[in-house]
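J.: Provided herewith is a single structure, encoded as structure tokens, for subsequent inquiry.
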Amino acid sequence: MKSYTEYLTFHIPQRMAFVNITPQVEAAVQRSGVKEGLCLVNAMHITASVFINDDEPGLHEDFKRWLEKLAPYDPSPTAYHHNRTGEDNGDAHHKRQIMGREVVVAITNGRLDFGPWEQIFYGEFDGQRPKRVLIKIIGE
């Protein structure tokens, strides 16, 4: 069994944004040489996410509005207990929890085996600093 690891780094200037990382993940699968296996894509920061959905701008705007209703940005220590530690990103931790930490996609015949319209996204909820994403590929 082969194993291949690659890291992506993002420095998103906005507090919240979604980036389609499907092309980078597909390229990593090609470099891995794995024809049949699994590809894990993991946000390696507690205020970022990796998820699968449609690459449709209206949907992404809906996600942003929905997440802001569920966990509005408020840097005050009265809004989130976490902000009492000196941080101002309590909301970002909640947003990450909702959108998820990682995805696993099957690799079939050397390609990501998606359903219709599926794409992989990096979700940023506390931008303005570098964060990493792990791509781990295993298989034959």
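The values are calculated or read from the model by the stated rules, or taken from the named source; none is laboratory data. Keep in mind it's a predicted model, so treat the numbers as computed, not measured. FYI the Cβ positions are ideal-geometry reconstructions off the backbone, even for glycines, and counts take in every protein chain you see. Note: accessible area is taken over every heavy atom of the protein model, side chains too, but ligands, DNA and RNA are not part of it. Shrake-Rupley method; radii C 1.70, N 1.55, O 1.52, S 1.80 Å.
J.: Taking 0.36 nm per residue of separation and subtracting the Cα-Cα distance, what length does fully extending GLU26 through THR9 add? Walk me through the numbers on the way to the answer.
T.: Working: separation 17, 0.36 × 17 = 6.12 nm, distance 1.61 nm.
Value of the extension gain: 4.5 nm.
J.: Also, I was wondering about something else. Report the label-to-label distance for ARG84 and MET1 in nanometres (one decimal), using points 7 Å from each Cα along the Cα→Cβ vector.
T.: 4.5 nm
J.: So, one more: Have a look at VAL104, TYR73, ILE137 and report the one farthest towards the positive end of the charge dipole of region 36-140, computed about the Cα centre with Cβ charges (Lys/Arg +1, Asp/Glu -1).
T.: TYR73
J.: While we're on this one: Kirkwood Rh, region 17-99, all Cα pairs: how many Å? List each step's numbers first, then the result.
T.: On the way: mean 1/r = 0.0669 Å⁻¹.
In region 17-99 this quantity evaluates to 15.0 Å.
J.: For the chain, compute the number of Lys pairs whose alpha carbons are separated by less than 19 Å, excluding pairs fewer than 8 positions apart on the same chain.
T.: Lysine pair count for the chain: 6.
J.: Looking at region 1-69, which trypsin sites (Lys or Arg not before Pro) are in a loop (DSSP not H, G, I, E or B) and have at most 14 other Cβ atoms within 10 Å?
T.: Numbers: sites: LYS2, ARG15, ARG31, LYS35, LYS64, ARG65, LYS69; in loops: ARG15, LYS35.
Hits after loop and neighbour filter: LYS35.
J.: A further question follows. Just round it to a whole percent: the fraction of Cα-Cα distances in region 70-127 exceeding 13 Å.
T.: 67 percent
J.: Label ALA17 and LYS35 with points 7 Å out from Cα along Cα→Cβ: what is the distance between them in nm?
T.: About 3.9 nm separates the two model spin labels.
J.: Quick one: among PHE121, PHE63, PHE51, which has the greatest mean-square fluctuation in a GNM of the chain with alpha-carbon springs under 10 angstrom?
T.: Between PHE121, PHE63, PHE51, it is PHE63 that shows the largest mean-square fluctuation.
J.: Given the whole protein assembly as supplied and a 1.4 Å probe, what does the accessible area of VAL105 come to in Å², nearest 10?
T.: Approximately 10 Å² of VAL105 is accessible to the 1.4 Å probe.
J.: Report the relative contact order of region 29-122, percent, no decimals, based on alpha-carbon pairs under 8 angstrom and at least 6 residues apart.
T.: Numbers: 138 pairs, mean separation 46.1, N = 94.
Reported as a whole number, the value is 49 percent.
J.: Using a Gaussian network model of the chain whose springs link C-alpha atoms within less than 10 Å, name the residue from GLY86, GLY33, GLY127 with the highest mean-square fluctuation.
T.: GLY86
J.: Keeping all protein chains in place, calculate the accessible area per residue for the chain (probe 1.4 angstrom), answer in Å².
T.: That works out to 54 Å² per residue.
J.: Could you please state how large a percent of the accessible area of the chain is carbon and sulfur, counting protein chains only and using a 1.4 Å probe?
T.: Roughly 54 percent of what the probe reaches on the chain is carbon or sulfur.
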